[in-house]
Amino acid sequence: MATAQQVPDILSPEFAANPYPAYRVMRESAPLIWHEPTNSYLISRYEDVERAFKDKESVYTTDNYDWQIEPVHGRTILQLSGREHAVRRALVAPAFRGTDLQEKFLPVIERNARELIDGIRHKGEADLVDSFATPFPVNVIADMLGLDKADHARFHGWYTSVIAFLGNLAGDPEIAAAGERTRVEFAEYMIPIIQERREHLGDDLLSSLCAAEVDGVRMNDEDIKAFCSLLLAAGGETTDKAIASIFANLLVNPEQLAAVREDRSLIDRAFAETLRYTPPVHMIMRQTAADVTVSGGTIPAGATVTCLIGAANRDGERYSDPDRFDIFRDDLTSTTAFSAAADHLAFALGRHFCVGALLAKAEVETGVGQLLDAMPDMRLADGFEPSEQGVFTRGPKSLPVRFTPVSG
């Protein structure tokens with residue numbers, strides 16, 4: 001196995017500031033690294049990460065979520081396998097595709113985008129992260145579930161602490177304690193709402209989850225609470241970073257922004273390329289059930305594997321000119337980019353492919369389209385250069401823009 005003294009440690013400030021040069025060195029000279037601080041093996045090449053996600057032989061399991069996710073969410077669909085996983089996924093998936101998504105939830109998405117844009121369109125300037133990208137997906141999920149949007153600040157606080165827990169690679173005890181507190185607080189908030197909703201079913205997603213039944217199986221209160229917790233954290237954190245990153249990437253590539261402004265069907269290409277080039281989630285872990293050979297050596301059974309999505313998505317063996325943002329590239333298929341047949345790795349792949357991918361696509365198409373309509377001359381604030389923050393999840397912390405104010 002290659003050693004990697006020349007690679008900045010994934011917990012170092014240098015890596016946090018810009019991981020992409022480190023990813024390149026890993027792929028080229030250290031595709032398998034034993035990382036003592038996280039007690040895991042790092043894999044960085046596209047073929048290795050793709051195999052870990054698509055694995056059908058149960059060599060790569062999600063047993064790591066027992067300790068990585070369950071302490072903050074409770075037991076979730078991510079930890080399940082076989083028939084149990086298939087049934088649970090069948091219970092929750094219909095809300096995130098097809099008729100339900102188009103007829104019930106697309107109007108919710110459109111209304112929430114419009115409300116946020118109406119709050120800033122007359123100002124002539126805004127921080128797209130604070131004023132739109134961060135509140136938008138959480139507001140949408142709260143509305144979908146039939147929760148009170150007045151509790152938005154609490155939702156945001158909870159999902160921020162959950163994401164911090166998941167990304168607590170250095171093992172900070174305060175972050176761990178805050179994450180575990182969130183599980184208790186969220187349960188105290190959600191369980192009474194779930195019980196009340198069972199008695200008075202409505203037309204919202206929470207009611208659908210309460211009523212859903214597949215093969216005689218229904219979700220209990222704890223199952224539903226855990227899924228709602230996962231939905232808020234995964235759907236909030238990832239979509240907000242994706243929207244901010246799309247605009248950051250387009251604003252620094254004005255000719256591509258102009259093309260998207262002219263032809264809105266290119267929003268999907270811009271989203272797919274953003275997921276490849278600057279994915280919201282840079283690392284997903286798996287656990288091995290048997291020894292597995294990868295580039296650079298063998299990972300033993302029972303080991304934690306950190307799959308470096310941010311590295312694999314820029315693998316020059318898979319993509320031409322991988323460090324260039326290009327919505328017109330011909331080695332990324334936008335038509336399959338939001339399905340389990342995707343050829344980027346940002347949503348994972350295989351049976352644990354992100355169940356909310358089409359919801360995220362609908363939010364991005366709507367949000368980006370409405371922002372371009374309201375601010376056709378949007379540009380970065382003078383002198384501002386976008387930069388990303390984060391290691392486990394990553395995206396712009398701020399994105400100040402200027403535009404001609406529009407009233408009404």
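Applying both filters, DSSP loop and at most 14 other Cβ atoms within 10 Å, to the GluC sites (Glu not before Pro) of the range 295-382 gives GLU317. For the peptides 390-396, 103-109, the ranking by mean Cβ contacts within 10 Å, running from highest to lowest, is 390-396, 103-109. Springs between alpha-carbon pairs under 10 angstrom, Gaussian network model over the chain: which of GLU255, GLU36, GLU110 fluctuates most? Looking only at GLU255, GLU36, GLU110, the largest GNM fluctuation is found for GLU36. 3J(HN,Hα) along the range 108-115, derived from phi through the Karplus expression 6.51 cos²θ - 1.76 cosθ + 1.60 where θ = phi - 60°, amounts to 5, 5, 4, 5, 5, 5, 4, 4 Hz, with x in place of Gly and Pro.
Each Lys or Arg adds one and each Asp or Glu subtracts one; over the other residues with Cβ under 13 Å from the Cβ of PRO376, this totals +2. Think of each Lys and Arg Cβ as +1 and each Asp and Glu Cβ as -1; about the Cα centre, that makes the dipole of the range 192-276 roughly 280 debye. Taking a straight Cα-Cα cut-off under 19 Å and skipping sequence neighbours fewer than 8 places away in the same chain, the lysines within cross-link reach of LYS241 are LYS361, LYS397. Helical runs (DSSP H, four residues minimum) scored at -39500 (n - 2.57) apiece and divided by the length of the chain put the mean residue ellipticity at 222 nm at -14500 deg cm²/dmol. Potential lengthening of the chain between GLU70 and SER12 amounts to 18.2 nm, from the contour at 0.36 nm per residue minus the alpha-carbon distance.
Across the options LEU372, SER265, GLY356, the greatest Cα extent toward the positive end of the charge dipole of the range 262-400 (unit charges at beta carbon of Lys, Arg, Asp, Glu) belongs to GLY356.
Can you list which of the GluC sites (Glu not before Pro) found in the range 168-253 are DSSP loop residues with at most 13 other C-beta atoms within 10 Å? Could the numbers behind the result be given before it?
On the way: sites: GLU174, GLU180, GLU185, GLU188, GLU196, GLU199, GLU213, GLU222, GLU237; in loops: GLU213.
Qualifying residues, ordered by number: GLU213.
Between the listed residues PHE96, ALA233, GLN6, the Cα displaced farthest toward the positive end of the dipole of the chain, a dipole computed from Cβ unit charges relative to the Cα centre, is found at PHE96. If R0 is taken as 41 Å, the Cβ-Cβ distance between PHE328 and LYS123 corresponds to a FRET efficiency of 0.80. The residues of the chain expose on average 40 square angstrom of accessible surface per residue, using a 1.4 Å probe on protein heavy atoms.
Projecting the Cα atoms of ILE327, ASN253, PRO21 onto the charge dipole of the chain (Cβ charges, centred on the Cα centre) puts ILE327 farthest toward the positive pole. Under a Gaussian network description of the chain, with springs only between Cα atoms under 10 Å, the residue in ASP172, ASP343, ASP55 that fluctuates furthest is ASP172. Expressed in units of 2.2 N^0.38 Å, where N is the residue count, the Cα radius of gyration of the range 229-362 is 1.12.
For TRP67, the solvent-accessible surface with a 1.4 Å probe is about 120 Å², rounded to the nearest 10. Solvent-accessible area assigned to carbon and sulfur over the chain amounts to 50 percent, based on a 1.4 Å probe.
The values are calculated or read from the model by the stated rules, or taken from the named source; none is laboratory data. Everything numeric here is computed off the predicted structure, so don't read it as measured data. Every residue, glycine as well, gets a Cβ built from its backbone with ideal geometry; the counts of neighbours run over all protein chains shown. Surface accessibility is based on the protein's heavy atoms, side chains included, excluding ligands, DNA and RNA. Shrake-Rupley method; radii C 1.70, N 1.55, O 1.52, S 1.80 Å.
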